[in-house]
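Everything below concerns the one structure shown next.
The values are calculated or read from the model by the stated rules, or taken from the named source; none is laboratory data. All of these numbers come straight from a predicted model, not from anything done at the bench. Quick reminder, even Gly has a Cβ in these numbers, built from the backbone with ideal geometry, and neighbours come from all protein chains shown.
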Amino acid sequence: AQKVTQAQTEISVVEKEDVTLDCVYETRDTTYYLFWYKQPPSGELVFLIRRNSFDEQNEISGRYSWNFQKSTSSFNFTITASQVVDSAVYFCALSYSGAGSYQLTFGKGTKLSVIP
Amino acid sequence: DTEVTQTPKHLVMGMTNKKSLKCEQHMGHRAMYWYKQKAKKPPELMFVYSYEKLSINESVPSRFSPECPNSSLLNLHLHALQPEDSALYLCASSQDIARGTDTQYFGPGTRLTVL
């Protein structure tokens with residue numbers, strides 16, 4: 001069974017603080033793909049990153065960084081020096097193969113509020 | 001260009017109305033998706049089209065009827081909806097459904113209210 005767990009339902013931080021959003025996944029597939037999406041209040045799901053299971057390199061993009069650890073089945077997301085514009089719901093998702101197609105299973109999301 | 005467009009942005013309809021949601025992408029993607037998202041929940045997959053053919057129907061009630069007129073367009077026809085169908089409806093597209101490396105790109109959604 002495929003499952004994504006985002007244990008943090010809501011997080012509040014003061015602007016300029018660093019914050020880490022946790023994501024733990026379960027899958028029996030040996031090859032799988034992980035994603036992070038951002039959903040601001042406007043509603044659109046914005047793609048942030050995709051990580052393949054065979055590539056455990058961490059990635060940094062500006063203030064965003066991702067830590068992928070297969071040993072703990074985690075794919076955590078850190079925002080450095082948070083800004084008010086980072087306020088959104090963040091979803092971690094796992095792409096899995098089922099019935100001949102790849103589908104996404106989403107975690108329940110973490111709502112991040114950055115307070116000025 | 002990773003843009004998926006959806007119209008309308010907001011829709012209010014009565015339970016006896018017939019309306020349609022529209023989605024368009026010009027990225028040359030061959031897979032398109034409809035999701036339903038209730039408040040404070042993750043998106044739930046409704047339908048998947050691959051090469052203009054319905055590939056997946058996640059046991060969605062028949063009052064929702066999808067249509068894919070061509071590879072760039074995806075419609076969702078609504079008829080005799082219930083108030084509990086009020087939600088954000090998201091469209092997405094990806095290069096293909098058969099490759100896990102393909103990213104799904106989402107549109108801005110249509111906020112539907114059923115009175």
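Search the stretch A:99-116 for residues being at the interface with another protein chain (Cβ under 9 Å from one of its Cβ atoms) and part of a strand (DSSP E or B), and hand back the single one that is modelled with the lowest pLDDT. So that I can check it myself, show each step before the final result.
Here is the first cut: in the stretch A:99-116, the ones at the interface with another protein chain (Cβ under 9 Å from one of its Cβ atoms) are A:99-109, A:111.
Add one more test, that the residue is part of a strand (DSSP E or B), and what stays is A:101-106, A:111.
Numbers: A:101: 76, A:102: 82, A:103: 87, A:104: 92, A:105: 93, A:106: 97, A:111: 98.
Top of the filtered list is A:101.
Considering only the stretch B:9-26, state which residues are in a loop (DSSP other than H, G, I, E, B) and either surrounded by 14 or more Cβ atoms within 10 Å (Cβ to Cβ) or hydroxyl-bearing (Ser, Thr, Tyr) (or both). Step through it out loud before you land on a result.
Initial filter on the stretch B:9-26 (in a loop (DSSP other than H, G, I, E, B)): B:9, B:14-17, B:26.
Those that are in a loop (DSSP other than H, G, I, E, B) and either surrounded by 14 or more Cβ atoms within 10 Å (Cβ to Cβ) or hydroxyl-bearing (Ser, Thr, Tyr) (or both): B:16, B:17.
Could you list all residues from the stretch A:1-45 that are within 30 Å of residue B:9 (Cβ to Cβ) and among the aromatic types (Phe, Trp, Tyr)?
Hits for the stretch A:1-45 are A:35, A:36, A:37.
List the strands (runs of 3 or more DSSP E) inside the stretch B:33-115, counting only whole elements, that have at least 1 residues being more than 14 Å from the chain's Cα centre (by Cα), over 25 Å from residue A:34 (Cβ atoms) and more than 14 Å from every other protein chain (Cβ to nearest Cβ).
Details: elements: B:44-50, B:53-57, B:64-70, B:73-79, B:87-94, B:110-114.
Passing ranges, in order: B:64-70, B:73-79, B:110-114.
Hey, can you tell me all the residues within the stretch B:12-32 that are among the aliphatic types (A, V, I, L, M) and over 14 Å from the mean Cα position of the chain (by Cα)? Give the derivation first.
Our first condition is that a residue be among the aliphatic types (A, V, I, L, M); within the stretch B:12-32, this holds for B:12-13, B:15, B:21, B:27, B:31-32.
If the condition is that a residue be among the aliphatic types (A, V, I, L, M) and over 14 Å from the mean Cα position of the chain (by Cα), then B:12, B:13, B:15, B:27 are the ones that fit.
Conditions first: (1) within 14 Å of chain B (Cβ to nearest Cβ); (2) small (Gly, Ala, Ser); (3) on the phi > 0 side of the Ramachandran plot; (4) touching a residue at least 12 places away in the same chain (Cβ under 8 Å). Residue A:53 passes all but one, so which condition is the exception?
(3)
Among (1) in contact with a helix residue (DSSP H, G or I) (Cβ under 8 Å, 6 or more places away or on another chain); (2) in a strand (DSSP E or B), which single condition is residue B:6 missing?
Of everything listed in (1) in contact with a helix residue (DSSP H, G or I) (Cβ under 8 Å, 6 or more places away or on another chain); (2) in a strand (DSSP E or B), residue B:6 misses just condition (1).
Here are B:76, B:115, B:54: which of them is aliphatic (A, V, I, L, M) and either surrounded by 19 or more Cβ atoms within 10 Å (Cβ to Cβ) or touching a Lys or Arg at 6+ places or on another chain (Cβ under 7 Å) (or both)?
Values: B:115 fails: either surrounded by 19 or more Cβ atoms within 10 Å (Cβ to Cβ) or touching a Lys or Arg at 6+ places or on another chain (Cβ under 7 Å) (or both); B:54 fails: either surrounded by 19 or more Cβ atoms within 10 Å (Cβ to Cβ) or touching a Lys or Arg at 6+ places or on another chain (Cβ under 7 Å) (or both).
Being aliphatic (A, V, I, L, M) and either surrounded by 19 or more Cβ atoms within 10 Å (Cβ to Cβ) or touching a Lys or Arg at 6+ places or on another chain (Cβ under 7 Å) (or both) holds for just one of B:76, B:115, B:54, which is B:76.
In this structure, is residue B:71 surrounded by 14 or more Cβ atoms within 10 Å (Cβ to Cβ), modelled with pLDDT of 95 or more and of a type in the set (Ser, Thr, Tyr)?
no
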